[in-house]
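Q: Have a look at this one.
Only the coordinates and a few stated rules stand behind these numbers; no lab work does. None of the values given here were measured: they were computed from a predicted structure. Cβ sites come from the backbone with ideal geometry, for glycine too, and all protein chains shown count toward neighbours.
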Amino acid sequence: MNSIMLGNLSIADMERRLGISFPEPFRADMEMRREMNASDTPAGKWHCFDMPFLVCCGDKETAEYVRDNLAPLSGQMTGQLQISWRRA
């Protein structure tokens, strides 16, 4: 079964949707790691889909980095965000 994922959200889009602001230097690092091509997210990069609201990371380490930096903000978020990674 194939799934359909739509969207290419920026950091600002994600912040608006979650109702939070990402702290620096995490925000700047995420800007540098953003991958515009959703079909091929390499290790160290991420892409955020709108539907479903999902950060797809190129590897497990990047997914853990995103999780570890967003987890302390979870109580302030106005929505839910999924984080996944592609297997090598």
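Q: Kindly provide the pair-distance distribution of region 34-75 built from C-alpha pairs, with 10 Å bins from 0 and whole-percent values in order of increasing distance.
A: Histogram of Cα-Cα distances, whole percents per bin: 30, 54, 16, 0.
Q: Let me ask something else about it. Compute the relative contact order of region 11-85 as a whole-number percentage, counting only Cα pairs closer than 8 Å that sit 6 or more residues apart in sequence. Can you show the working numbers first?
A: Numbers: 96 pairs, mean separation 22.9, N = 75.
Relative contact order, region 11-85: 31 percent.
Q: Now for a separate question. Specify the residue with the greatest mean-square fluctuation among Gly75, Gly58, Gly19, computed from a Gaussian network of the chain linking alpha-carbon atoms under 10 Å apart.
A: Among Gly75, Gly58, Gly19, the largest mean-square fluctuation in the Gaussian network model of the chain belongs to Gly75.
Q: I want the local charge near Asp13. Using Cβ-Cβ distances under 14 Å, sum +1 for each Lys or Arg and -1 for each Asp or Glu among the other residues. Kindly include the intermediate steps, with their values, before the conclusion.
A: Working: positive: Arg16, Arg17, Arg27, Arg34; negative: Glu15, Glu31, Asp50.
Result for the neighbourhood of Asp13: +1.
Q: Going 7 Å from the Cα of Arg86 in the Cα-to-Cβ direction, what parts of region 55-70 have a backbone nitrogen less than 19 Å from that spot?
A: Within reach of a label on Arg86: 55-67.
Q: Where both residues lie in region 11-85, what percent of DSSP beta bridges are antiparallel, nearest 5? Numbers along the way, then the final one.
A: Working: 4 of 9 bridges.
Taking every DSSP beta bridge within region 11-85, about 45 percent pair in antiparallel fashion.
Q: Sticking with this structure for a sec: Using Cα springs under 10 Å in a Gaussian network model of the chain, which residue among Thr78, Thr62, Thr41 shows the largest mean-square fluctuation?
A: Thr78
Q: Per the Cauchy relation, a quarter of the hull surface: what is the mean projected area of the convex hull of the alpha carbons in region 11-85, in nm²?
A: On the way: hull surface 17.6 nm².
Over every viewing direction, the Cα hull of region 11-85 projects on average to 4.4 nm².
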